[in-house]
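One structure is given below, represented as structure tokens, and several questions about it will come after.
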Amino acid sequence: MRLIAARHWRHTFYRLLLVYTLVVVPAAVAGELWMGVAIASTAVAAWSLVRLAHIVERLRYQRRFTPPEGWGAWSELEALLYQRQRETRMRKRRLLSMLRAYREAAASLPDAVIVMDRAHLRVRWFNEAAQRLVGMNYPRDMGAAFTHVVRTPKVVDWLRAGRTDEPLMDMPAPVDDTMRLSYRLIPYFDDQWLLVVRDVTKLMHLEQVRRDFVANVSHELRTPLTVVHGYLDLLEPEEKPDWAPMLTEMRHQSQRMTQIVEDLLTLSRLEAQERLPEESVSMASMLATLRREADALSQGRHTVSISDETSLDLCGSTKELHSAFSNLVTNAVRYTPNGGRIGISLRDTPDGGLSLEVSDTGNGIPPQHLGRITERFYRVSTSRSRDSGGTGLGLSIVKHVLALHQARLEIESEVGFGSTFRVVFGPERALERSEHDDALA
Ligand code: ADP
């Protein structure tokens, strides 16, 4: 490269030398040295201006440079510009083909992808699937607010709240009521959202089939179980002493099955519900009931203490909340050895909500199980759960009831020291207690 540059400059030098020799020497011979110098310099300057004008014109109108054929400083400049122009063009072509490939990939995705600005939810780009799933129209909806295209109130609220943490599941498609959609919001650059909409009709259908199956099987099992249970109750162990151990075991097992069926039916009922009745739940009476239940189950084997540190009540379904709290209290009694302590406390939370905490000094739960114990039939120790009359469905019911109250379950546990199950309700579920409730308490 350096050699070529040197050659260009050498050529320029020789050319200048030639011009000056051809013009200045004859002029000097004729006694007009300075006139010769002036003519030669003017010619060199004019020629340089022509070359400069040529380059400037190409740059101004973005014309292509051709590979220069000659040698010299101007030719080198043109060669360099030609080379840069070619590199830029190639880079641009490469970028364009990459961009086209990305667009092509995004456009042919089976899920709808919509890019919108965060401030006004205005649509900047969408793919073909968005036309099919959400009913968007190109070019009509470019630049329109997405909330004008999809007006489902739940979707609009969810979008305005910017819920990137939680996808919105099982929404009807604006184009077809029988199609179910899931929405997911992803931050995209600093000022944009990427909305991904997926057709989950099949998934929701399978989920419904599963729910119906469980509900139907449980329902079908209920009647034969009641009959078996009834006949077993008629048999008196005293009449057939040889059968006594068998009869006791059969009764125990049939009771267990009945409880499983009842719990499965409760779960099916909760799953089918979108909302629960919203009533004022008197927490003073709730705590009193929980205490009675804990005492009845413990039969004096544990110390049960209650602490009510708030003046708030809950807004929700008394029946379902009682079922959830009662499950937690029952577990605390069942998984705490004799002589242990069980505490039930109700407290305010810093954000104006309230929490109900059930703590025990029982077996505790190893940390690797904590993430899964609210799954159906998940047990830390199957034998211990069965021996204490568990179905493996209690915490699953708790989870569903809490979800219907937008509450969360926090679990802290240490093996050998005990566990704390805390149910936290947001301020929207808190109600000031009336004087009547206080009097009852
Ligand atoms: P189960 O009917 O078996 O008690 P749950 O869904 O209520 O079913 O609980 C799931 C599992 O979580 C239980 O089998 C038990 O191993 C564990 N567990 C629940 N509560 C406690 C507790 N207070 N202390 C220790 N382990 C618990």
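The values are calculated or read from the model by the stated rules, or taken from the named source; none is laboratory data. Bear in mind that the values here come from a model prediction, so they are computed numbers and not experimental data. For neighbour counting, all protein chains shown are included, and Cβ atoms are generated from backbone atoms with ideal geometry for every residue, glycine included. Surface areas here come from the heavy atoms of the whole protein model, side chains and all, with no ligands, DNA or RNA. Shrake-Rupley method; radii C 1.70, N 1.55, O 1.52, S 1.80 Å.
What accessible area per residue, rounded to a whole number of Å², is obtained for the chain using a probe radius of 1.4 Å? Write down the numbers at each step before the final one.
Working: 26770 Å² over 441 residues.
Averaged over the residues of the chain, the accessible area is 61 Å².
In terms of modelled amide H atoms, which long-range or inter-chain residues lie less than 5 Å from the amide H of Asp313?
Residues meeting the criterion, in which the H sits 1.01 Å from N, are Leu431, Glu432, Arg433.
Right, something else. Rg (Å, one decimal) plus Dmax (Å, integer) for the alpha carbons of segment 2-104?
According to the Cα coordinates of segment 2-104, Rg and Dmax are 20.5, 77 Å.
By how many degrees, between 0 and 90 and to the nearest 10, does the Cα long axis of helix 201-234 differ from the longest principal axis of the chain?
In the chain, helix 201-234 runs at an angle near 10 degrees to the longest axis.
A further question follows. Between Trp158, Trp243, Trp47, which gets the highest mean-square fluctuation from a Gaussian network model of the chain, Cα cutoff 10 Å?
Highest fluctuation of the listed residues: Trp47.
Size of the dipole of the chain about the Cα centre, Lys and Arg at +1 and Asp and Glu at -1 on the beta carbon, nothing else charged, in debye to 20?
On the way: 56 positive and 55 negative charges, 814 e Å.
Its charge dipole is roughly 3900 debye.
Skipping prolines and chain starts, which residues have an amide H placed within reach, meaning under 5 Å, of the one on Leu181, given they are 5 or more residues away or on another chain?
Residues meeting the criterion, in which the H sits 1.01 Å from N, are Asp170, Met171, Ala173, Val200.
Over 5 Å intervals from 0, what percent of Cα-Cα pairs in segment 229-281 sits in each interval?
4, 17, 17, 14, 10, 9, 9, 8, 6, 4, 2
Could you identify which residue out of Ala130, Ala46, Ala407 has the top mean-square fluctuation in a GNM of the chain using Cα springs shorter than 10 Å?
Judging by the Gaussian network model, the answer is Ala46.
Let me ask you something else. Net charge around Ser182, counting only other residues with Cβ within less than 13 Å of its Cβ (Lys, Arg = +1; Asp, Glu = -1)? Display every interim value, and only then the final one.
Details: positive: Lys154, Arg163, Arg180, Arg184, Arg198, Lys202; negative: Asp111, Glu166, Asp170, Asp199, Glu207.
Cβ neighbours under 13 Å give a net charge of +1.
Mind listing the long-range amide H neighbours of Trp71? Cut-off is under 5 Å, sequence gap 5 or more, other chains count too, H placed in the peptide plane at 1.01 Å from N.
Those qualifying (amide H under 5 Å, at least 5 residues apart or on another chain) number zero.
Ordered by packing density, taken as the mean number of other Cβ atoms within 10 Å over each peptide's residues, highest first, how do 92-101, 119-128 rank? Display every interim value, and only then the final one.
Values: 92-101: 10.1, 119-128: 17.2.
Output ranking for 92-101, 119-128: 119-128, 92-101.
Go through Ala288, Phe377, Thr310 and say which Cα lies farthest out towards the positive end of the charge dipole of segment 279-440; charges sit on Cβ, +1 for Lys and Arg, -1 for Asp and Glu.
After comparing all options, I get Phe377.
Using a ≥ b ≥ c from the Cα gyration tensor of segment 353-402 (square roots of the eigenvalues), is it rounded, prolate or oblate, where a/c under 1.5 gives rounded and otherwise the larger of a/b and b/c decides, a/b for prolate? Please report the intermediate quantities before stating the final value.
On the way: a/c = 1.65, a/b = 1.34, b/c = 1.23.
The shape class here is prolate.
Quickly estimate the mean residue ellipticity at 222 nm for the chain, helices only: each DSSP H run with n ≥ 4 gives -39500 (n - 2.57), and the total goes over all residues, rounded to 500.
Values: 14 runs with 232 residues, N = 441.
For the chain, the value works out to -17500 deg cm²/dmol.
Using only Cα atoms, what Kirkwood radius does the chain have, in angstroms?
Values: mean 1/r = 0.0333 Å⁻¹.
In the chain this quantity evaluates to 30.0 Å.
When only Cα pairs under 8 Å and 6 or more residues apart are kept, what is the percent relative contact order across the chain?
Details: 609 pairs, mean separation 40.6, N = 441.
Averaging sequence separation for qualifying contacts and normalising by length gives 9 percent for the chain.
Using a cut-off of 12 Å between beta-carbons, work out the net charge of the residues near Val217 (Lys and Arg +1, Asp and Glu -1, Val217 not included).
+1
A follow-up question, please. Taking the Cα centre as origin and putting +1 on Lys and Arg beta-carbons and -1 on Asp and Glu beta-carbons, what dipole magnitude results for segment 205-272, to the nearest 20 debye?
Details: 7 positive and 12 negative charges, 58 e Å.
I would put it at about 280 debye.
Give the Rg (one decimal place) followed by the Dmax (whole number) of segment 109-199, computed from C-alpha coordinates and expressed in Å.
In Å, with Rg to one decimal and Dmax whole: 11.7, 36.
Would you list, by chain and number, the lysines whose Cα falls below 28 Å from the Cα of Lys202, excluding same-chain residues fewer than 8 positions away?
Lys154, Lys399
Select from Leu265, Leu328, Leu18 the residue whose mean-square fluctuation is largest in a Gaussian network model of the chain (Cα-Cα springs shorter than 10 Å).
So, out of Leu265, Leu328, Leu18, the one fluctuating most is Leu18.
Answer with one residue from Gln253, Ala324, Thr42: the one whose Cα lies farthest towards the positive end of the charge dipole of the chain, charges on Cβ with Lys, Arg +1 and Asp, Glu -1.
Thr42
Hey, got a sec? Which GluC sites (Glu not before Pro) in segment 215-266 land in a DSSP loop and have at most 11 other Cβ atoms within 10 Å?
Of the GluC sites (Glu not before Pro), the ones in loops of segment 215-266 whose Cβ has at most 11 other Cβ atoms within 10 Å are Glu238, Glu239.
Normalise the Debye intensity by I(0) for segment 364-441, one equal point scatterer per Cα, no solvent, then take log10 at q = 0.20, 0.26 Å⁻¹ and round to two decimals.
-0.94, -1.27
Moving on. Share of antiparallel DSSP beta bridges in the chain, in percent to the nearest 5? Intermediate results must be reported in sequence, preceding the final value.
Values: 48 of 54 bridges.
Of those bridges, close to 90 percent are antiparallel.
May I ask for the equivalent-ellipsoid semi-axes of segment 301-405, computed as the square root of five times each C-alpha gyration tensor eigenvalue and listed largest first in whole Å? The partial results should precede the final answer.
Working: eigenvalues 115, 63, 30 Å².
Over the Cα atoms of segment 301-405, the semi-axes work out to 24, 18, 12 Å.
Near Arg372, within a Cβ-to-Cβ distance under 14 Å, what is the net charge of the other residues, with Lys and Arg +1 and Asp and Glu -1?
Working: positive: Arg376, Arg379, Lys399; negative: Glu375.
Net local charge, Arg372 excluded: +2.
Turning to a different aspect of this structure: Please turn the phi angles of segment 174-179 into ³J(HN,Hα) values with the Karplus equation 6.51 cos²θ - 1.76 cosθ + 1.60 (θ = phi - 60°), one per residue in order, whole Hz, x for glycine and proline.
Taking θ as phi minus 60°, the curve returns x, 8, 7, 4, 7, 8 Hz for segment 174-179.
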